[in-house]
Amino acid sequence: MGLEFVNKLPSPQEIREQFPLPAGLDRVKEERDAQIRDVLTGKDSRFLVIIGPCSADNEHAVLDYVTRLAAVQEKVKERLILIPRVYTNKPRTTGEGYKGLLHQPDPEKKPNMYEGLIAIRSMHMHVVQETGMTTADEMLYPENLPYLDDLMSYIAVGARSVENQQHRLVASGCDVAVGMKNPTSGDLSVMLNSVVAAQGGHEFIFRANEVRTPGNPLAHTILRGAVNKHGQNIPNYHYEDLILLHQLYSQRNLKNPACIVDANHSNSGKMHQEQIRIVKEVLHSRRHSSEIRELVKGVMIESYIEPGSQKVGEHCYGKSITDPCLGWDDSQWLLYEIAEGLQ
């Protein structure tokens, strides 16, 4: 077997005992979870905005960013619920490049998974502790979920993972909202099948245990655009796409039909400034159609302190080292525009 066992890593229980949740933060998370649940179930008319860096590579810069976000949240709290993206592991199309804080706490050094586990828990915890905002992250490795699930209020399953059985089954045991992205092919039936699976209960093997899950009624869809056989980006945020998704939902017996529109990735062709136009178009579609307004519960935006992206080692503070992001000035303005543009 071509696996070299490098280190025996601590279990989630050991890491959580070493870095326990500070007193009172469990109540903060319960309140935030309930607010997000009420939006997805239609009890709360507010709009979700999952926003933050493509990859959370530097704790100081991420805390700076989310502190700014918390100040905006206070001003728009009657209309928006902001969920900071604290994405600590990154899928790589070819397996090459920076795989996130979990792999490399220092992007310029070799991988160190033990230090990575401590770094990701530290970052998520400090964000909640210092800003009162519980976080979103991608469930790239389902077996790692217990290291962070007491801190997160939103989980995304990515386009390359959404067909995977283990991701779907673990999502069925999460007690917070889980968004299932459409696959890179754009096939909406694959995305909806994953929601069906996540909303159902299952028995399976997880971390060397036989487990049983009740199903997650908060599992929902995320539209992130697609790539065709010629490698061209095919957006799926337009009015016609949203109406089609509404129709497909109506053909299935799913709880809490809901969609988040990812304004970056293949929807924008990774042209980060296009996120502004895309979000405004989605808001226009919601104003035009009551069906879309009921379906689209939020948007996802990649944003950091400085606009664009940089290579690892360039050391520009608050600038993405993976996909390009909106800068803070544009992000802040866009959040106020979203709040004003809701109906």
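What follows draws every value from the coordinates through simple rules; no lab data is involved. Computed from a prediction, not measured in an experiment: that's the story for all the values here. Quick reminder, even Gly has a Cβ in these numbers, built from the backbone with ideal geometry, and neighbours come from all protein chains shown.
Antiparallel as a % of all DSSP beta bridges within region 43-336, to the nearest 5?
20 percent
Amide H to amide H, with H built 1.01 Å from N, Leu48 comes under 5 Å of Ile81, Gly298, Val299, counting only residues 5 or more places away or on other chains.
Put simply, the amide H of Ala226, placed in the peptide plane, has neighbours under 5 Å in Ile234, Asn236, leaving out anything fewer than 5 places away on its chain. Each residue of region 132-140 was assigned a 3J(HN,Hα) from its phi angle through the Karplus expression (A = 6.51, B = -1.76, C = 1.60, θ = phi - 60°), giving x, 10, 6, 10, 10, 8, 8, 8, 7 Hz with x at Gly and Pro.
How about Lys319: which lysines have a C-alpha closer than 20 Å to its C-alpha, ignoring those fewer than 8 places off in the same chain? Correct list for Lys319: Lys90, Lys99, Lys109, Lys270, Lys311. Candidate cross-link partners of Lys8 among the lysines, defined by an alpha-carbon separation under 19 Å and a same-chain spacing of 8 or more, comprise Lys110. Based on alpha carbons, the Rg and Dmax found for the chain are 18.9, 58 Å. Put a plus charge on the Cβ of each Lys and Arg, a minus charge on the Cβ of each Asp and Glu, and nothing anywhere else: the dipole of the chain about its Cα centre is then about 580 debye.
Just His103, His230, His315 to compare: in a GNM of the chain, with alpha carbon springs under 10 Å, which one fluctuates most? Its mean-square fluctuation being the largest, the pick is His230. Okay, helix-only estimate at 222 nm for the chain: each DSSP H run of n ≥ 4 adds -39500 (n - 2.57), divide by all residues, round to 500 deg cm²/dmol; what do you get? For the chain, the value works out to -11500 deg cm²/dmol.
Residues whose amide H falls under 5 Å from that of Asn264, counting only those 5 or more places apart or on a different chain, are Glu302, with hydrogens built in the peptide plane.
How charged is the neighbourhood of Val176? Take every other residue with its Cβ under 10 Å from the Cβ of Val176, and add Lys/Arg as +1 and Asp/Glu as -1.
On the way: positive: Lys29, Arg32, Arg37; negative: Asp33, Asp149, Asp175.
Surrounding charge for Val176 is 0.
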